[in-house]
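Undergrad: Could you have a look at this structure, given as structure tokens, before my questions?
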């Protein structure tokens, strides 16, 4: 396991107020004005910190370490989708994401993914055509019922002897 303090070297070189500001900026729950007040500085001071290269580097390092803690859960979720999703498309996309992260191709495009998209499009077309056939049959049936009703009305209009 990599020591997180080594990954966050610049962050730990900063004073406590700047470290707190970086954490609060990352969490994105407070305005800059609220963050400045929390670290007992002015909004202008926080603005100046945000322009400082060392502060920016510390933000990048902190973000990387904070996000790294979410990666194992994301991989577990992708694995669960790849092996247990009811939709083949979802399974394929999850598997492609895992392979891409492992350095075996791109998530954005692959022959398998493109083929799956084509198959889905074909299935969508078949469904639309089937629905159109049903509507056409219903319309024909409704027309036949209307024609039959018209004939009955004509027969009823004929005077009896």
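Undergrad: Could you run through the stretch 123-151 and say how many residues are at pLDDT below 85 and closer than 30 Å to residue 88 by Cβ?
TA: Adding up the residues that qualify gives 3.
Undergrad: Return the total of residues in the stretch 73-110 being at pLDDT 75 or above and part of a helix (DSSP H, G or I).
TA: 24
Undergrad: Being surrounded by 17 or more Cβ atoms within 10 Å (Cβ to Cβ) and either in a loop (DSSP other than H, G, I, E, B) or in contact with a strand residue (DSSP E or B) (Cβ under 6 Å, 6 or more places away or on another chain) (or both) is the filter here; which residues of the stretch 5-40 pass it?
TA: Result: 8, 14, 39.
Undergrad: While we're looking at this one, here's another question. Criterion first (within 30 Å of the chain's Cα centre (by Cα) and either touching a residue at least 40 places away in the same chain (Cβ under 8 Å) or under 30 Å from residue 98 (Cβ atoms) (or both)) does residue 27 satisfy it?
TA: In short, yes.
Undergrad: What are the residue pairs meeting all of these: first residue in the stretch 55-79, first residue within 16 Å of residue 9 (Cα to Cα), second residue modelled with pLDDT under 85 and surrounded by 15 or more Cβ atoms within 10 Å (Cβ to Cβ), Cβ atoms under 6 Å, and 6 or more apart or on different chains?
TA: Pairs found: 61/8; 65/4; 65/8.
The values are calculated or read from the model by the stated rules, or taken from the named source; none is laboratory data. Since we're looking at a predicted model, the values are computed, not measured. Reconstructed Cβ throughout: ideal geometry from the backbone, glycine too, with neighbour counts over all protein chains shown.
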